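Just below is one structure, and these are the notes that go with it.
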Amino acid sequence: MRKEIGQKDLILNRYGDRVRAAQEKNVDLFHTTGWVDETAVKKHGDAVIVRTMSIEAGPEPVPAIWALSYRNSSAHLEQRVKEKVRVEARFAPEEDENSGTEIVTAISWEGDRALRVFFFFDRDLAPNSTTRIRLTIKWPKYGADMLDGQVEPNYWTFRRQTTGFNSLVIYESEFAPKGVRITPLDGSPRPDVDRQKASGSTLVRFALADIKVGQEYGYRSELIR
């Protein structure tokens, strides 16, 4: 069974690579709006990442596969940890975002630092339509570098036209008992840092309105010792 699953993922990823390459040549194929990232970093650096966004199709149908890369700052990620990463994607309609059906996905790794997620839609997205999706990633040891005293870069590079981006990272008290020190990247706005008195968690909010394609945005974070 494990061998069959591995062969299936290999085929899906090979097909996905071709579609991704074709999509990157067509910048007007779709645009992204309402991109929201919510990340909770828990004890031992384990994290749950929820990404919600709307895909606005251009004048042509969007192929049944859509690719997304999610980058982690860890310089090395053991194979056994990679195998524990779990991904789920669903359609998330505005009227009832919890009612959407599941989207078939496949993942592949680009070295130790990037997780590529392929979305296999049941049909092409219609021209000029808007489709809202939600991606959930459960990632063990996601924040392990910070526990080791390293500075972790949190950054985003937008490869397509994107309207509206918001990120919320919650560093729970068991992970960051004394809080987190934040330094914005050059050219990026300073995030809003809020230390919660009741829970002891540190909330980092980062928002972008005027987004330039290809430019890197974000900040660096490290634990206060």
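Quick notes on this one:
- Per-region count, the range 58-91, residues modelled with pLDDT under 65, under 28 Å from ASP122 (Cβ atoms) and not in a strand (DSSP E or B): 1
- Screening the range 161-174 for residues that are in a loop (DSSP other than H, G, I, E, B) and modelled with pLDDT of 95 or more and picking the one that is surrounded by the fewest Cβ atoms within 10 Å (Cβ to Cβ) gives GLU174.
- Top-ranked residue in the range 94-113 [being assigned to a strand (DSSP E or B) and among the charged types (D, E, K, R); ranked as modelled with the highest pLDDT]: GLU102
- On the stretch given as the range 114-150, residues that are assigned to a loop (DSSP other than H, G, I, E, B) and either in contact with a helix residue (DSSP H, G or I) (Cβ under 8 Å, 6 or more places away or on another chain) or closer than 19 Å to ARG205 by Cβ (or both) total 4.
- Scanning the range 132-160 for residues that are surrounded by 20 or more Cβ atoms within 10 Å (Cβ to Cβ) and of a type in the set (S, T, N, Q) returns a single hit, ASN154.
- Meets criteria (free of Cβ contacts under 8 Å to residues at least 60 places away in the same chain, surrounded by fewer than 17 Cβ atoms within 10 Å (Cβ to Cβ) and farther than 21 Å from GLU172 by Cβ) for ASP210: yes
- Selection of first residues in the range 24-43 that are on the phi < 0 side of the Ramachandran plot and of second residues that are of a type in the set (Asp, Glu) and in a strand (DSSP E or B), restricted to Cβ pairs under 7 Å at least 6 apart or on distinct chains, gives the following pairs, ordered by first then second residue: PHE30/GLU56; HIS31/GLU56; THR33/GLU56.
- Enumeration of residues in the range 175-199 that are in contact with a Pro (Cβ under 7 Å, 6 or more places away or on another chain) and either in a loop (DSSP other than H, G, I, E, B) or β-branched (Val, Ile, Thr) (or both): ILE182, ARG190, PRO191
- Residue match in the range 214-224 (condition: assigned to a strand (DSSP E or B), under 30 Å from ASP28 (Cα atoms) and hydrophobic (A, V, I, L, M, F, W, C)): no
The values are calculated or read from the model by the stated rules, or taken from the named source; none is laboratory data. In this text, all values refer to a predicted model and were calculated from it rather than measured experimentally. Every residue, glycine among them, receives a Cβ derived from its backbone with ideal geometry; neighbour counts consider all protein chains shown.
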